[in-house]
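Take a look at the structure below.
The values are calculated or read from the model by the stated rules, or taken from the named source; none is laboratory data. Just so it is clear, the structure is predicted and the values come from calculations on it, not from any experiment. Cβ placement follows ideal geometry from the backbone for every residue including glycine, while neighbour counts extend to all protein chains displayed.
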Amino acid sequence: MRVLILSDTPFVPATAGNRRRLLELIGFLRDAGVEVGMLMLPAVDRHEWDEAAMRRGVTRFEVAERPLAAKVLRRLRAAVGAVPAAAGPVDVDGWCPSWFRARARRVADDWAADVVIAEYVYLSACLADLSEGTLRVIDTLDVMHRRAAVYVGAGMAPQWFHTSREDERRGLERADLVLAIHDEEAAELRAMVPSAEVLTVPHGLAADPLPPAAARPGRLLFAASYNDLNVLGMCWLVERVWPEMRRAWPAVELHVCGSIAEKLPPMPAGVTVRGVVPSLRDEYAAARVVLDPVAWGTGQPIKVVEALAHGRPVVSRRPGPPGLDDAVIVGADERAFAAGVLTLLSDDARWLRMAAAAAQAAAQSFSPEAVFGPLLARLRAGR
């Protein structure tokens, strides 16, 4: 079986949750004997992509190059300021140029792809052009028409892609199969497109519980990308929660890892900004507690899934996926958040119970076999 993935999101380096999920999905399919191809639409962050590593990770890899006429038009529009940032919803096909649609059709035909997966609904126009018999799939990641409300609720202008409910519905109707990141979004997608086949495919990570003895007393971890919602959550943490935690536990220390470091202001004493590190596994091993101070979000926070997979309990401002109450403490406001962290720093027995529950929950709910296995069976069934 051949699966062609259309994307403007790289899977190497896996410095954000959606990248890591794509990396894990590709690895699972490849290990199952599936030939995976990837056709990428160039994006503004292409200079950060590791194209050599991605080429090694799949059977076929190509970054589609804009035709000369498209390049000239793009430069002319930029020169005259004709490409302003969209304040309102974006047409669902506004990010999918006709030349990329044509290239996707050609690659799918020439390579004889059995399945084509669009990452995400804004590349769904490519599915409309495919030959009969090809299984058309949209991996949604988010319900895109809800993204604007999330950012407005956080007091920020909408970022990245957002569209109207009607436009999103139009894009989803092009698929034979729609993938949702969790069951709540699956229900909403079914309501939007009642005729659609919707499958829940959350983040999948192999459980890799780390020894409890490796955790350092008083050490906390926040691992995040440079998404502005993460930055806002981090600023809330250091302004509203950190002073209280330092007073109650003077030896507490917080390590912040990931590309979020690019956007952070100077941090107070006790907070160490590490940036992108060679091995997050080592950071999870050293952490007593993993923090998720982000109150606003879409999709599913992979930072929580990663912590559980490594056997580390989490304190979060948002409820986690169902069934994780024994591994995640929810602290919606500053007092509850600080109290949750301090409980896990001081109560060894509870920390050990929650660490064990984290690893067990990850193995049951987020293992690649549990998450991607049903998807693989559905892809093999064909159209």
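In this structure, is Val256 surrounded by 16 or more Cβ atoms within 10 Å (Cβ to Cβ) and assigned to a helix (DSSP H, G or I)?
Spelling it out, it is not the case that Val256 is surrounded by 16 or more Cβ atoms within 10 Å (Cβ to Cβ) and assigned to a helix (DSSP H, G or I).
Output the residues belonging to the stretch 118-136 that are part of a helix (DSSP H, G or I) and crowded, with 21+ Cβ neighbours inside 10 Å. Spell out the reasoning first.
Taking the stretch 118-136 first, the residues part of a helix (DSSP H, G or I) are 121-129.
Answer for the stretch 118-136, where residues must be part of a helix (DSSP H, G or I) and crowded, with 21+ Cβ neighbours inside 10 Å: Val121, Tyr122, Leu123, Ser124, Ala125, Cys126, Leu127.
Would you mind telling me which numbered condition in (1) under 20 Å from Arg318 (Cα atoms); (2) of a type outside the set (A, V, I, L, M); (3) surrounded by fewer than 16 Cβ atoms within 10 Å (Cβ to Cβ); (4) over 20 Å from the mean Cα position of the chain (by Cα) Trp242 fails?
Trp242 satisfies all of (1) under 20 Å from Arg318 (Cα atoms); (2) of a type outside the set (A, V, I, L, M); (3) surrounded by fewer than 16 Cβ atoms within 10 Å (Cβ to Cβ); (4) over 20 Å from the mean Cα position of the chain (by Cα) except (3).
Can you tell me how many residues in the stretch 347-369 are touching a helix residue (DSSP H, G or I) at 6+ places or on another chain (Cβ under 7 Å) and under 22 Å from Asp139 (Cβ atoms)?
Number satisfying all stated conditions: 3.
Mind listing whichever residues of the stretch 325-363 are within 19 Å of Leu220 (Cβ to Cβ) and not in a helix (DSSP H, G or I)?
Those that are within 19 Å of Leu220 (Cβ to Cβ) and not in a helix (DSSP H, G or I): Ala327, Val328, Ile329, Val330, Gly331, Ala332, Asp333, Asp347.
Please tell me if Ala149 is surrounded by fewer than 22 Cβ atoms within 10 Å (Cβ to Cβ), within 24 Å of Arg21 (Cβ to Cβ) and under 26 Å from the mean Cα position of the chain (by Cα). Spell out the reasoning first.
Details: surrounded by fewer than 22 Cβ atoms within 10 Å (Cβ to Cβ): yes; within 24 Å of Arg21 (Cβ to Cβ): yes; under 26 Å from the mean Cα position of the chain (by Cα): yes.
Answer is yes for this residue.
Among the residues of the stretch 16-33, are any part of a strand (DSSP E or B), touching a residue at least 60 places away in the same chain (Cβ under 8 Å), among the small types (Gly, Ala, Ser) and not assigned by TED's automatic domain parsing to the domain that holds Tyr226? Full working, then the answer.
Here is the first cut: in the stretch 16-33, the ones part of a strand (DSSP E or B) are none.
No, the conditions are met nowhere in the stretch 16-33.
Here are some residues: Ala356, Ala339. Which one is within 14 Å of Ala215 (Cβ to Cβ), surrounded by fewer than 20 Cβ atoms within 10 Å (Cβ to Cβ) and at pLDDT 90 or above?
Details: Ala339 fails: within 14 Å of Ala215 (Cβ to Cβ).
Result of the check over Ala356, Ala339: Ala356.
Go through the residues of the stretch 183-194 one by one and say whether even a single one is touching a residue at least 40 places away in the same chain (Cβ under 8 Å), within 22 Å of Val305 (Cα to Cα) and either assigned by TED's automatic domain parsing to the domain that holds Asp139 or touching a strand residue (DSSP E or B) at 6+ places or on another chain (Cβ under 9 Å) (or both).
Checked the stretch 183-194: at least one residue is touching a residue at least 40 places away in the same chain (Cβ under 8 Å), within 22 Å of Val305 (Cα to Cα) and either assigned by TED's automatic domain parsing to the domain that holds Asp139 or touching a strand residue (DSSP E or B) at 6+ places or on another chain (Cβ under 9 Å) (or both).
Does the stretch 137-145 contain any residue that is surrounded by 19 or more Cβ atoms within 10 Å (Cβ to Cβ) and more than 27 Å from Val294 (Cβ to Cβ)?
Step one: filter the stretch 137-145 for residues surrounded by 19 or more Cβ atoms within 10 Å (Cβ to Cβ), giving 137-145.
Still in the list and also more than 27 Å from Val294 (Cβ to Cβ): 137.
Yes, that holds for at least one residue.
So, in the stretch 263-318, of the ones that are assigned to a loop (DSSP other than H, G, I, E, B) and among the hydroxyl-bearing types (Ser, Thr, Tyr), which residue ends up surrounded by the fewest Cβ atoms within 10 Å (Cβ to Cβ)? Show your work before the answer.
Step one: filter the stretch 263-318 for residues assigned to a loop (DSSP other than H, G, I, E, B), giving 264-270, 276-279, 287-288, 293-301, 310-313, 317-318.
So of that shortlist, the ones also among the hydroxyl-bearing types (Ser, Thr, Tyr) come out as 279, 298.
On the way: Ser279: 9, Thr298: 19.
Result: Ser279.
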